[in-house]
């Protein structure tokens with residue numbers, strides 16, 4: 001029998017990426033081609049489930065703490081995440097800063113853009129969100 005010595009390899013940083021749907025399947029459009037069309041009916045959820053303040057706070061804290069790298073990326077998707085409102089995303093950024101532990105925090109937002117106005121655009125610019133704009137409708 002041959003014994004192969006166990007080599008202690010350095011542990012690679014634990015990095016992962018989560019697609020966060022803070023409003024579930026709820027959307028302000030009803031595109032016939034949408035892959036998410038009527039998902040709320042399949043899930044028996046006609047009103048949409050929103051992340052509560054408590055859940056988003058715990059999610060952000062654990063998501064950042066669970067990663068070893070110096071960069072943490074949050075991706076906000078939907079349905080339509082801007083239905084959560086600008087104040088929700090202001091809280092998100094504040095919580096991210098509070099729990100960043102020196103890590104670089106980045107945000108992506110996938111949106112149909114219908115609700116974006118000057119205030120949204122200033123916020124997204126000021127906090128360096130990477131915005132994916134779906135051409136819908």
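Tell me, 120, 76 in order of fewest to most beta-carbon neighbours within 10 Å?
Placing the least packed residue first, the sequence is 120, 76.
Take the Cα of residue 32, step 7 Å along the line toward its Cβ, and report every residue of segment 75-112 whose backbone nitrogen sits under 11 Å from that point.
The answer is none, because no backbone nitrogen lies closer than 11 Å to the label point.
Principal axis lengths of segment 76-137 from Cα atoms, whole Å, largest first?
41, 18, 17
Provide the gained length on full extension for the span residue 108 to residue 122, in nm with one decimal, where the gain is 0.36 nm per separating residue minus the Cα-Cα distance.
Answer, rounded to one decimal: 3.5 nm.
Using the basic label-point model (7 angstrom from Cα toward the beta carbon), what is the residue 70 to residue 131 distance in nanometres?
Taking the two extended label points, one gets 3.0 nm.
None of the figures in this text is laboratory data; all of them are computed from the coordinates on show. Quantities reported herein were computed from a predicted structural model and do not represent experimental measurements. Please note: Cβ atoms are built from the backbone with ideal geometry, for glycine as well, and neighbour counts cover all protein chains shown.
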